[in-house]
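Asks: Take a look at this one; I'll ask things after.
The values are calculated or read from the model by the stated rules, or taken from the named source; none is laboratory data. Just so it is clear, the structure is predicted and the values come from calculations on it, not from any experiment. Positions of Cβ are backbone-derived with ideal geometry, glycine not excepted, and every protein chain shown enters the neighbour counts.
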Amino acid sequence: MNLFDVYSQYKINFKAGKGLTLTAADGKEYLDFYGGHGVISIGHCHPYYTEKITNQLNTLAFYTNVIQNDIQEELARKLGKISGYNDYNLFLCNSGAEAVENALKIASFHTGKKRILALKGAFHGRTSGALAVTDNESLRSEYNVAHEVTFIELNDVQVLEEELGKEDVAALIIEGIQGVGGVYEPSVEYLQLARNLCTNYNTALILDEIQAGYGRTGKFFAHQYADIKADIITTAKGMGNGFPVAGVLIAPHFEAKKGMLGTTYGGNYLACTAALAVLDVIENENLLENAQRVGDYLFMELKAQDFVKEVRGKGLMIGIEMENAKEMRTKLLMDGKIFTGFSAPATIRLLPPLNITLNDAKRFIQVFNSIHENVSI
Ligand SMILES: Cc1ncc(COP(=O)(O)O)c(C=O)c1O
(Lines give C-alpha, C1' and ligand atoms only; values in the text may rest on other atoms or scores of the structure.)
Protein backbone atom coordinates (compact mmCIF):
# COMPACT_ATOMS: atom_id res chain seq x y z
CA MET A 1 0.00 0.00 0.00
CA ASN A 2 1.16 3.56 -0.73
CA LEU A 3 0.38 6.68 1.26
CA PHE A 4 -2.53 8.79 -0.04
CA ASP A 5 -0.51 11.50 -1.70
CA VAL A 6 -1.95 14.75 -0.29
CA TYR A 7 1.08 16.54 1.14
CA SER A 8 3.78 18.54 -0.70
CA GLN A 9 6.90 17.40 1.10
CA TYR A 10 10.57 18.31 1.49
CA LYS A 11 12.88 15.34 1.07
CA ILE A 12 14.26 15.51 4.62
CA ASN A 13 13.75 12.68 7.07
CA PHE A 14 13.89 13.83 10.69
CA LYS A 15 14.92 11.09 13.08
CA ALA A 16 15.38 12.91 16.39
CA GLY A 17 14.60 16.18 18.15
CA LYS A 18 15.88 17.93 21.26
CA GLY A 19 14.77 21.43 22.23
CA LEU A 20 14.84 23.45 18.98
CA THR A 21 17.20 21.04 17.21
CA LEU A 22 16.01 18.45 14.71
CA THR A 23 18.43 15.81 13.43
CA ALA A 24 17.92 14.27 9.99
CA ALA A 25 18.75 10.73 8.91
CA ASP A 26 21.96 11.99 7.24
CA GLY A 27 23.10 13.48 10.57
CA LYS A 28 22.50 17.12 9.55
CA GLU A 29 21.01 19.36 12.24
CA TYR A 30 18.21 21.87 11.70
CA LEU A 31 16.95 24.71 13.89
CA ASP A 32 13.18 24.49 14.33
CA PHE A 33 11.53 27.91 13.90
CA TYR A 34 8.17 26.41 12.95
CA GLY A 35 7.42 23.76 15.60
CA GLY A 36 5.60 21.58 13.05
CA HIS A 37 2.85 24.19 12.43
CA GLY A 38 3.13 25.69 15.93
CA VAL A 39 2.62 22.38 17.73
CA ILE A 40 5.96 22.14 19.56
CA SER A 41 5.42 24.58 22.42
CA ILE A 42 8.00 23.42 24.98
CA GLY A 43 10.65 22.02 22.61
CA HIS A 44 11.19 18.55 21.21
CA CYS A 45 11.43 15.74 23.78
CA HIS A 46 11.43 18.04 26.81
CA PRO A 47 12.73 15.70 29.59
CA TYR A 48 9.94 16.56 32.07
CA TYR A 49 7.26 15.96 29.43
CA THR A 50 8.84 12.72 28.22
CA GLU A 51 9.15 11.40 31.76
CA LYS A 52 5.53 12.21 32.66
CA ILE A 53 4.13 10.51 29.55
CA THR A 54 6.42 7.50 29.95
CA ASN A 55 5.29 7.03 33.57
CA GLN A 56 1.63 7.32 32.58
CA LEU A 57 2.12 4.85 29.72
CA ASN A 58 3.55 2.39 32.21
CA THR A 59 0.58 2.94 34.56
CA LEU A 60 -2.64 3.27 32.51
CA ALA A 61 -2.87 4.42 28.89
CA PHE A 62 -6.58 4.42 28.18
CA TYR A 63 -10.06 3.96 29.46
CA THR A 64 -13.30 5.55 28.28
CA ASN A 65 -15.20 8.67 29.30
CA VAL A 66 -17.88 6.59 31.03
CA ILE A 67 -15.68 6.48 34.12
CA GLN A 68 -14.31 9.40 36.11
CA ASN A 69 -10.81 10.57 35.20
CA ASP A 70 -8.93 12.59 37.82
CA ILE A 71 -6.29 13.72 35.35
CA GLN A 72 -8.96 15.42 33.20
CA GLU A 73 -10.19 17.31 36.23
CA GLU A 74 -6.67 18.31 37.21
CA LEU A 75 -6.07 19.54 33.66
CA ALA A 76 -9.30 21.57 33.67
CA ARG A 77 -8.34 23.17 37.00
CA LYS A 78 -4.81 23.99 35.92
CA LEU A 79 -5.83 25.30 32.48
CA GLY A 80 -8.56 27.43 34.06
CA LYS A 81 -6.09 28.97 36.48
CA ILE A 82 -3.24 29.64 34.06
CA SER A 83 -5.51 30.98 31.28
CA GLY A 84 -7.60 33.25 33.50
CA TYR A 85 -10.76 31.32 32.55
CA ASN A 86 -11.26 29.67 35.95
CA ASP A 87 -15.05 29.59 35.86
CA TYR A 88 -15.31 28.06 32.35
CA ASN A 89 -15.91 24.37 31.59
CA LEU A 90 -13.63 22.21 29.47
CA PHE A 91 -14.53 19.70 26.78
CA LEU A 92 -11.59 17.61 25.65
CA CYS A 93 -11.13 16.22 22.14
CA ASN A 94 -8.29 15.28 19.82
CA SER A 95 -7.59 17.85 17.11
CA GLY A 96 -8.08 21.49 16.25
CA ALA A 97 -10.78 20.86 13.66
CA GLU A 98 -12.68 18.72 16.14
CA ALA A 99 -12.51 21.50 18.75
CA VAL A 100 -13.89 24.00 16.21
CA GLU A 101 -16.61 21.56 15.14
CA ASN A 102 -17.73 21.18 18.76
CA ALA A 103 -17.51 24.92 19.45
CA LEU A 104 -19.85 25.66 16.52
CA LYS A 105 -22.21 22.94 17.63
CA ILE A 106 -22.34 24.25 21.23
CA ALA A 107 -23.09 27.75 19.93
CA SER A 108 -25.92 26.45 17.77
CA PHE A 109 -27.38 24.25 20.55
CA HIS A 110 -27.36 27.24 22.90
CA THR A 111 -28.74 29.94 20.61
CA GLY A 112 -31.05 27.74 18.53
CA LYS A 113 -29.67 29.51 15.43
CA LYS A 114 -27.53 28.15 12.61
CA ARG A 115 -25.92 30.94 10.58
CA ILE A 116 -22.22 31.49 11.35
CA LEU A 117 -20.14 34.61 10.71
CA ALA A 118 -16.53 33.88 9.80
CA LEU A 119 -13.73 36.09 8.54
CA LYS A 120 -12.17 36.35 5.12
CA GLY A 121 -8.74 34.69 5.21
CA ALA A 122 -9.77 32.40 8.08
CA PHE A 123 -8.53 28.84 8.55
CA HIS A 124 -10.27 26.64 11.11
CA GLY A 125 -9.64 23.06 9.95
CA ARG A 126 -10.91 20.44 7.53
CA THR A 127 -13.85 18.62 9.10
CA SER A 128 -17.25 19.58 7.71
CA GLY A 129 -18.19 22.52 9.94
CA ALA A 130 -14.62 23.72 10.44
CA LEU A 131 -14.08 23.71 6.68
CA ALA A 132 -17.33 25.57 6.12
CA VAL A 133 -15.96 28.49 8.20
CA THR A 134 -12.57 28.28 6.47
CA ASP A 135 -12.20 30.82 3.68
CA ASN A 136 -10.74 28.54 1.02
CA GLU A 137 -13.06 27.29 -1.72
CA SER A 138 -10.48 24.91 -3.09
CA LEU A 139 -10.59 22.76 0.07
CA ARG A 140 -14.37 22.28 -0.04
CA SER A 141 -16.13 19.35 -1.72
CA GLU A 142 -19.80 19.36 -2.79
CA TYR A 143 -20.52 17.48 0.43
CA ASN A 144 -19.23 20.44 2.47
CA VAL A 145 -21.38 23.23 1.01
CA ALA A 146 -24.61 22.88 3.00
CA HIS A 147 -23.63 25.03 6.02
CA GLU A 148 -24.94 28.59 6.35
CA VAL A 149 -21.83 30.76 6.64
CA THR A 150 -21.19 34.41 5.79
CA PHE A 151 -17.58 35.59 5.36
CA ILE A 152 -16.89 39.18 6.35
CA GLU A 153 -13.81 41.39 6.09
CA LEU A 154 -11.49 41.35 9.13
CA ASN A 155 -11.63 44.62 11.11
CA ASP A 156 -14.56 46.07 9.12
CA VAL A 157 -16.76 47.26 11.99
CA GLN A 158 -19.63 48.41 9.80
CA VAL A 159 -20.23 45.05 8.16
CA LEU A 160 -19.87 43.36 11.55
CA GLU A 161 -22.64 45.55 12.98
CA GLU A 162 -24.86 44.96 9.94
CA GLU A 163 -24.53 41.18 9.98
CA LEU A 164 -24.86 40.66 13.73
CA GLY A 165 -27.78 43.11 13.78
CA LYS A 166 -29.82 40.64 11.71
CA GLU A 167 -30.05 38.61 14.96
CA ASP A 168 -29.91 35.23 13.20
CA VAL A 169 -26.23 34.47 13.89
CA ALA A 170 -25.37 31.52 16.16
CA ALA A 171 -21.67 32.32 16.36
CA LEU A 172 -18.98 34.70 15.22
CA ILE A 173 -15.69 32.81 14.94
CA ILE A 174 -12.37 34.70 14.96
CA GLU A 175 -8.77 33.46 15.13
CA GLY A 176 -6.77 35.13 17.93
CA ILE A 177 -4.36 35.97 15.09
CA GLN A 178 -4.98 34.57 11.60
CA GLY A 179 -2.16 32.09 10.98
CA VAL A 180 -2.60 30.24 7.68
CA GLY A 181 -4.18 33.42 6.22
CA GLY A 182 -0.95 35.41 6.64
CA VAL A 183 -0.56 36.45 10.32
CA TYR A 184 -3.23 39.17 10.44
CA GLU A 185 -4.58 40.41 13.77
CA PRO A 186 -8.08 41.50 14.70
CA SER A 187 -7.75 45.01 16.14
CA VAL A 188 -8.50 45.67 19.82
CA GLU A 189 -11.47 47.88 18.79
CA TYR A 190 -12.83 45.14 16.52
CA LEU A 191 -12.66 42.48 19.23
CA GLN A 192 -14.23 44.79 21.81
CA LEU A 193 -17.06 45.71 19.46
CA ALA A 194 -17.53 42.03 18.54
CA ARG A 195 -17.78 41.21 22.26
CA ASN A 196 -20.48 43.82 22.87
CA LEU A 197 -22.51 43.04 19.76
CA CYS A 198 -22.42 39.28 20.38
CA THR A 199 -23.78 39.84 23.89
CA ASN A 200 -26.52 42.17 22.59
CA TYR A 201 -27.68 39.86 19.79
CA ASN A 202 -27.39 36.45 21.51
CA THR A 203 -24.50 35.31 19.33
CA ALA A 204 -21.68 33.18 20.74
CA LEU A 205 -18.25 34.76 20.34
CA ILE A 206 -15.81 31.95 19.51
CA LEU A 207 -12.10 32.67 19.65
CA ASP A 208 -10.06 30.08 17.79
CA GLU A 209 -6.75 30.09 19.68
CA ILE A 210 -5.49 26.84 18.17
CA GLN A 211 -2.46 28.52 16.61
CA ALA A 212 -2.17 31.85 18.47
CA GLY A 213 -2.94 30.53 21.96
CA TYR A 214 -1.12 28.66 24.68
CA GLY A 215 1.34 31.44 25.43
CA ARG A 216 2.57 31.94 21.88
CA THR A 217 1.95 35.69 21.81
CA GLY A 218 3.17 36.40 25.34
CA LYS A 219 -0.33 36.22 26.84
CA PHE A 220 -2.00 32.86 27.33
CA PHE A 221 -4.55 33.66 24.59
CA ALA A 222 -3.96 36.30 21.93
CA HIS A 223 -7.42 37.86 22.37
CA GLN A 224 -6.50 38.73 25.97
CA TYR A 225 -4.56 41.70 24.57
CA ALA A 226 -8.00 43.20 23.84
CA ASP A 227 -9.08 42.65 27.44
CA ILE A 228 -12.20 40.73 26.42
CA LYS A 229 -13.60 37.33 27.33
CA ALA A 230 -14.80 34.99 24.62
CA ASP A 231 -17.83 32.75 25.13
CA ILE A 232 -16.06 29.73 23.67
CA ILE A 233 -12.33 29.21 23.05
CA THR A 234 -10.75 26.44 21.00
CA THR A 235 -7.23 25.14 21.70
CA ALA A 236 -5.05 22.38 20.22
CA LYS A 237 -1.52 22.45 18.69
CA GLY A 238 0.75 23.72 21.53
CA MET A 239 -1.53 22.16 24.13
CA GLY A 240 0.08 18.71 23.79
CA ASN A 241 3.52 19.55 22.35
CA GLY A 242 2.91 16.87 19.72
CA PHE A 243 0.61 14.56 21.62
CA PRO A 244 -2.82 14.90 19.93
CA VAL A 245 -5.06 16.76 22.37
CA ALA A 246 -7.50 19.64 21.94
CA GLY A 247 -9.99 21.48 24.10
CA VAL A 248 -13.03 23.71 24.06
CA LEU A 249 -13.32 26.21 26.93
CA ILE A 250 -17.00 26.99 27.45
CA ALA A 251 -18.50 29.89 29.43
CA PRO A 252 -20.66 28.90 32.43
CA HIS A 253 -23.90 30.12 30.85
CA PHE A 254 -23.76 27.29 28.26
CA GLU A 255 -25.69 24.39 29.74
CA ALA A 256 -24.24 20.90 29.35
CA LYS A 257 -26.65 18.04 28.66
CA LYS A 258 -25.70 14.37 28.90
CA GLY A 259 -24.81 13.03 25.49
CA MET A 260 -24.69 16.50 23.85
CA LEU A 261 -21.01 16.03 22.89
CA GLY A 262 -18.74 13.02 22.99
CA THR A 263 -15.62 11.33 21.68
CA THR A 264 -13.88 8.02 22.33
CA TYR A 265 -10.31 9.26 22.67
CA GLY A 266 -10.90 12.82 23.93
CA GLY A 267 -9.31 13.44 27.32
CA ASN A 268 -7.54 10.09 27.49
CA TYR A 269 -4.92 9.51 30.19
CA LEU A 270 -1.90 10.03 27.96
CA ALA A 271 -3.29 13.15 26.29
CA CYS A 272 -4.17 14.77 29.64
CA THR A 273 -0.77 13.86 31.07
CA ALA A 274 0.92 15.46 28.07
CA ALA A 275 -1.24 18.58 28.38
CA LEU A 276 -0.57 18.87 32.13
CA ALA A 277 3.17 18.49 31.57
CA VAL A 278 3.05 21.31 28.98
CA LEU A 279 1.27 23.62 31.43
CA ASP A 280 3.78 22.76 34.19
CA VAL A 281 6.68 23.63 31.91
CA ILE A 282 5.03 26.84 30.66
CA GLU A 283 4.58 27.90 34.28
CA ASN A 284 7.89 26.67 35.75
CA GLU A 285 10.03 28.06 32.93
CA ASN A 286 8.11 31.37 32.57
CA LEU A 287 7.50 30.72 28.91
CA LEU A 288 4.95 33.51 28.44
CA GLU A 289 7.56 36.07 29.47
CA ASN A 290 10.13 34.32 27.30
CA ALA A 291 7.81 34.41 24.27
CA GLN A 292 7.37 38.13 24.77
CA ARG A 293 11.07 38.86 25.32
CA VAL A 294 12.48 36.80 22.44
CA GLY A 295 9.56 37.85 20.21
CA ASP A 296 10.31 41.53 20.88
CA TYR A 297 13.94 40.97 19.86
CA LEU A 298 12.93 39.21 16.62
CA PHE A 299 10.43 41.97 15.77
CA MET A 300 13.00 44.70 16.39
CA GLU A 301 15.64 43.02 14.22
CA LEU A 302 13.28 42.08 11.41
CA LYS A 303 11.71 45.53 11.25
CA ALA A 304 15.20 47.04 10.84
CA GLN A 305 15.75 45.22 7.51
CA ASP A 306 14.82 47.34 4.50
CA PHE A 307 14.17 44.27 2.34
CA VAL A 308 11.39 43.23 4.73
CA LYS A 309 8.08 44.73 3.60
CA GLU A 310 6.12 44.14 6.80
CA VAL A 311 6.44 42.23 10.06
CA ARG A 312 3.10 41.13 11.54
CA GLY A 313 1.94 39.25 14.63
CA LYS A 314 2.86 39.19 18.30
CA GLY A 315 5.38 37.41 20.51
CA LEU A 316 6.49 34.21 18.80
CA MET A 317 3.82 34.26 16.07
CA ILE A 318 5.55 36.26 13.40
CA GLY A 319 4.78 36.88 9.73
CA ILE A 320 7.59 38.34 7.61
CA GLU A 321 6.26 39.71 4.33
CA MET A 322 8.95 40.15 1.69
CA GLU A 323 9.56 39.64 -1.99
CA ASN A 324 10.40 36.07 -2.97
CA ALA A 325 9.35 34.78 0.45
CA LYS A 326 8.87 31.24 -0.86
CA GLU A 327 12.43 31.08 -2.24
CA MET A 328 13.78 32.63 0.96
CA ARG A 329 11.99 29.95 3.01
CA THR A 330 13.53 27.19 0.89
CA LYS A 331 17.01 28.73 1.16
CA LEU A 332 16.62 29.11 4.93
CA LEU A 333 15.92 25.40 5.06
CA MET A 334 18.38 24.06 2.50
CA ASP A 335 21.31 26.47 3.02
CA GLY A 336 20.67 27.87 6.52
CA LYS A 337 19.28 24.64 8.01
CA ILE A 338 16.43 26.56 9.63
CA PHE A 339 12.87 25.33 9.30
CA THR A 340 10.17 28.04 8.90
CA GLY A 341 6.61 28.15 7.55
CA PHE A 342 4.86 30.03 4.78
CA SER A 343 1.55 31.89 4.40
CA ALA A 344 0.06 33.88 1.59
CA PRO A 345 0.75 36.66 0.68
CA ALA A 346 4.52 36.20 0.36
CA THR A 347 4.91 35.73 4.10
CA ILE A 348 7.41 33.60 6.02
CA ARG A 349 5.76 32.37 9.20
CA LEU A 350 7.71 31.82 12.41
CA LEU A 351 6.20 29.66 15.17
CA PRO A 352 9.23 28.50 17.20
CA PRO A 353 8.92 26.63 20.51
CA LEU A 354 8.26 28.98 23.44
CA ASN A 355 11.50 27.98 25.18
CA ILE A 356 13.59 29.44 22.35
CA THR A 357 16.65 31.31 23.66
CA LEU A 358 17.89 34.76 22.69
CA ASN A 359 20.90 33.00 21.12
CA ASP A 360 18.60 30.91 18.88
CA ALA A 361 16.90 34.16 17.81
CA LYS A 362 20.28 35.83 17.11
CA ARG A 363 21.32 32.85 15.03
CA PHE A 364 18.11 33.11 13.01
CA ILE A 365 18.62 36.82 12.33
CA GLN A 366 22.24 36.28 11.32
CA VAL A 367 21.35 33.43 8.92
CA PHE A 368 18.30 35.30 7.58
CA ASN A 369 20.31 38.44 6.82
CA SER A 370 23.33 36.65 5.40
CA ILE A 371 21.22 34.48 3.10
CA HIS A 372 19.56 37.62 1.81
CA GLU A 373 22.89 39.44 1.31
CA ASN A 374 24.96 36.65 -0.16
CA VAL A 375 22.49 34.93 -2.37
CA SER A 376 20.52 36.90 -4.88
CA ILE A 377 16.92 35.79 -4.50
C1 LIG B 1 -6.44 28.57 13.74
C2 LIG B 1 -6.58 27.11 13.42
N3 LIG B 1 -7.72 26.48 13.70
C4 LIG B 1 -7.88 25.16 13.45
C5 LIG B 1 -6.87 24.42 12.89
C6 LIG B 1 -7.09 22.94 12.62
O7 LIG B 1 -6.34 22.19 13.52
P8 LIG B 1 -6.05 20.63 13.21
O9 LIG B 1 -5.11 20.58 12.05
O10 LIG B 1 -5.47 20.11 14.49
O11 LIG B 1 -7.35 20.00 12.90
C12 LIG B 1 -5.66 25.04 12.57
C13 LIG B 1 -4.56 24.28 11.94
O14 LIG B 1 -3.66 24.81 11.35
C15 LIG B 1 -5.51 26.42 12.84
O16 LIG B 1 -4.37 27.07 12.55
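Asks: So which residues in segment 152-192 are over 21 Å from ALA132 (Cβ atoms), out of contact with any Gly (no Cβ under 8 Å at 6 or more places or on another chain) and buried (at least 19 other Cβ atoms within 10 Å of the Cβ)?
Replies: LEU191
Asks: Among the residues in segment 6-17, are any exposed (fewer than 14 other Cβ atoms within 10 Å of the Cβ), in contact with a Cys (Cβ under 9 Å, 6 or more places away or on another chain) and not acidic (Asp, Glu)?
Replies: Looking for residues that are exposed (fewer than 14 other Cβ atoms within 10 Å of the Cβ), in contact with a Cys (Cβ under 9 Å, 6 or more places away or on another chain) and not acidic (Asp, Glu), one finds at least one in segment 6-17, hence yes.
Asks: Residues LEU298, LEU316: which one is under 20 Å from HIS46 (Cβ atoms), touching a strand residue (DSSP E or B) at 6+ places or on another chain (Cβ under 9 Å), outside the structural domain of LYS219 (by TED's automatic domain parsing) and at pLDDT 95 or above?
Replies: On inspection, the qualifying residue turns out to be LEU316.
Asks: Kindly list, by first and then second residue, each pair from a residue in segment 263-286 that is outside the structural domain of VAL39 (by TED's automatic domain parsing) to a residue that is of a type in the set (Ser, Thr, Tyr) and outside any helix (DSSP H, G or I), limited to pairs with Cβ atoms under 7 Å and residues at least 6 apart or on different chains.
Replies: From segment 263-286, the pairs are THR264/THR64; VAL278/SER41.
Asks: Here's a follow-up. Please specify each residue of segment 60-86 satisfying the condition of being in a loop (DSSP other than H, G, I, E, B) and either among the acidic types (Asp, Glu) or without any contact (Cβ under 8 Å) to a residue 40 or more places away in the chain (or both).
Replies: Answer for segment 60-86, where residues must be in a loop (DSSP other than H, G, I, E, B) and either among the acidic types (Asp, Glu) or without any contact (Cβ under 8 Å) to a residue 40 or more places away in the chain (or both): VAL66, ILE67, GLN68, ASN86.
Asks: Can you pull out the residues in segment 10-36 that are without any contact (Cβ under 8 Å) to a residue 40 or more places away in the chain, within 27 Å of VAL278 (Cβ to Cβ) and not aliphatic (A, V, I, L, M)?
Replies: ASN13, PHE14, LYS15, GLY17, LYS18, THR21, THR23
Asks: Quick test of your reading of the structure: ILE71 fulfils all but one of (1) in contact with a Cys (Cβ under 6 Å, 6 or more places away or on another chain); (2) modelled with pLDDT under 95; (3) of a type outside the set (D, E, K, R). Name the failing condition by number.
Replies: Here ILE71 meets the rest and fails (2).
Asks: Next question. When you check GLY36 against the structure, is it within 30 Å of ARG363 (Cα to Cα) and in contact with a Cys (Cβ under 8 Å, 6 or more places away or on another chain), yes or no?
Replies: In short, no.
Asks: Under 7 Å between Cβ atoms, which residue pairs at least 6 apart in sequence (or on different chains) link something in segment 202-216 that is closer than 18 Å to GLU163 by Cβ with a partner that is among the basic types (Lys, Arg) and away from the ligand (no atom under 12 Å from the Cβ)?
Replies: Note: pairs meeting the criteria are LEU205/ARG195.
Asks: ILE250 - would you say it is of a type in the set (A, V, I, L, M), surrounded by fewer than 24 Cβ atoms within 10 Å (Cβ to Cβ), closer than 19 Å to ASP87 by Cα and more than 11 Å from the chain's Cα centre (by Cα)?
Replies: It is false that ILE250 is of a type in the set (A, V, I, L, M), surrounded by fewer than 24 Cβ atoms within 10 Å (Cβ to Cβ), closer than 19 Å to ASP87 by Cα and more than 11 Å from the chain's Cα centre (by Cα).
Asks: Please go through segment 91-144 and pick out each residue that is part of a loop (DSSP other than H, G, I, E, B), among the hydroxyl-bearing types (Ser, Thr, Tyr) and more than 15 Å from the ligand (Cβ to nearest atom).
Replies: Scanning segment 91-144 gives a single hit, SER141.
Asks: Considering each of GLU51, GLU101 in turn, give the residue that is closer than 20 Å to GLY266 by Cα and either outside the structural domain of LEU316 (by TED's automatic domain parsing) or not aliphatic (A, V, I, L, M) (or both).
Replies: Exactly one residue qualifies, and that residue is GLU101.
Asks: I need the full set of residues from segment 159-183 which are touching a Leu at 6+ places or on another chain (Cβ under 9 Å), hydrophobic (A, V, I, L, M, F, W, C) and closer than 22 Å to ALA251 by Cα, in order please.
Replies: Selection gives LEU164, VAL169, ALA170, ALA171, LEU172, ILE173, ILE174.
Asks: Checking ARG140 against (1) basic (Lys, Arg); (2) surrounded by 14 or more Cβ atoms within 10 Å (Cβ to Cβ); (3) modelled with pLDDT of 95 or more, which test does it fail?
Replies: Status for ARG140: all satisfied but (3).
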